[in-house]
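Student: Have a look at the structure that comes next, please.
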Amino acid sequence: MRPAAAMPNNWIVVHKLALSKIDDGDFAAAETLHRKALALVEKQQPDSLNLARAQDHLACLLFNKRPRDYAAAEPLFRKALAIREDQQGPESEHVARSLCNIAHCLKNKGDYAAAEPLLRRALAINEKHYPKAVLLEIKRVKTALLEIKRARERAGAAGAVAPPAPKRQ
């Protein structure tokens with residue numbers, strides 16, 4: 001029997017433990033476990049789609065926990081995007097999801113000018129893969145674009161751009 005450190009997918013076990021901690025509401029423990037899972041996959045499978053997946057999971061936790069940490073989440077989302085573009089091509093629906101993740105970080109920080117082209121690219125990819133405009137992902141992107149438009153209109157009236165107030169969940 002191989003020791004746990006030599007198992008090729010032991011990062012998945014750590015990742016699943018992190019998910020169980022999220023279910024328990026223990027976000028500090030979940031973050032620690034997600035960081036450990038990311039370190040394991042970086043060591044075991046550098047530049048793999050699993051690395052992009054582990055980066056996304058940690059970034060999503062940072063993006064959604066209280067207080068939200070967009071500055072820490074964004075680089076992880078960008079690294080995942082780079083891997084996906086390299087391995088799946090620039091028109092992959094997974095690339096579109098990564099673009100949306102980055103755009104939501106930027107939008108929530110108030111950087112609408114940087115978020116909008118990412119969302120437009122994601123929308124074009126999604127519409128190519130999923131031609132029916134009723135799909136949830138396309139609706140999410142269109143909603144985010146509308147939020148940017150409204151925020152810019154409010155900012156134009158007020159004279160300054162401020163990030164939107166965080167939504168309560």
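Student: Please tell me if ALA115 is surrounded by fewer than 19 Cβ atoms within 10 Å (Cβ to Cβ), of a type outside the set (Val, Ile, Thr), under 16 Å from the mean Cα position of the chain (by Cα) and under 30 Å from ALA155 (Cα atoms). Let's see the steps before the verdict.
Tutor: On the way: surrounded by fewer than 19 Cβ atoms within 10 Å (Cβ to Cβ): no; of a type outside the set (Val, Ile, Thr): yes; under 16 Å from the mean Cα position of the chain (by Cα): yes; under 30 Å from ALA155 (Cα atoms): yes.
Answer is no for this residue.
Student: To continue, here is another question. Can you tell me which of (1) open to solvent by 40 Å² or more (accessible area, probe 1.4 Å); (2) modelled with pLDDT of 95 or more; (3) of a type in the set (Gly, Ala, Ser) is the one ALA103 doesn't meet?
Tutor: Result: ALA103 fails condition (1) only.
Student: Quickly run through the stretch 35-90 and pick out the residues that are among the basic types (Lys, Arg) and either closer than 20 Å to CYS105 by Cα or open to solvent by less than 40 Å² (accessible area, probe 1.4 Å) (or both). Write out each step before concluding.
Tutor: Here is the first cut: in the stretch 35-90, the ones among the basic types (Lys, Arg) are 35-36, 43, 53, 65-66, 68, 78-79, 84.
The answer is ARG35, ARG53, LYS65, ARG66, ARG68, ARG78, LYS79, ARG84.
Student: Shifting gears a bit: Here is a list: PRO8, PRO46. Which entry is over 21 Å from LYS79 (Cβ atoms) and either assigned to a loop (DSSP other than H, G, I, E, B) or modelled with pLDDT of 95 or more (or both)? Before the answer, list the steps.
Tutor: Values: PRO46 fails: over 21 Å from LYS79 (Cβ atoms).
None of the other options fit; the residue is PRO8.
Student: Going by the conditions given, is ARG53 touching a helix residue (DSSP H, G or I) at 6+ places or on another chain (Cβ under 7 Å) and of a type in the set (Lys, Arg)?
Tutor: Values: touching a helix residue (DSSP H, G or I) at 6+ places or on another chain (Cβ under 7 Å): no; of a type in the set (Lys, Arg): yes.
No; evaluated as a whole, the condition is false for this residue.
Student: Quick one: in the stretch 24-34, which of the residues that are of a type outside the set (A, V, I, L, M) and in a helix (DSSP H, G or I) is least open to solvent (accessible area, probe 1.4 Å)? Explain how you work it out, then say what you get.
Tutor: Applying the first criterion (of a type outside the set (A, V, I, L, M)) to the stretch 24-34 yields 24-27, 31-32, 34.
Retained after the next criterion (residues that are in a helix (DSSP H, G or I)): 24, 27, 31-32, 34.
Values: ASP24: 117, PHE27: 97, GLU31: 35, THR32: 90, HIS34: 5 Å².
So, considering only residues that are of a type outside the set (A, V, I, L, M) and in a helix (DSSP H, G or I), the one least open to solvent (accessible area, probe 1.4 Å) is HIS34.
The values are calculated or read from the model by the stated rules, or taken from the named source; none is laboratory data. These figures come from a predicted structure and were not determined experimentally. So basically every Cβ, Gly included, is an ideal-geometry build from the backbone, and we count neighbours across all protein chains shown. When the accessible area is computed, the model is the full protein with side chains, heavy atoms only, and any ligands, DNA or RNA have been set aside. Shrake-Rupley method; radii C 1.70, N 1.55, O 1.52, S 1.80 Å.
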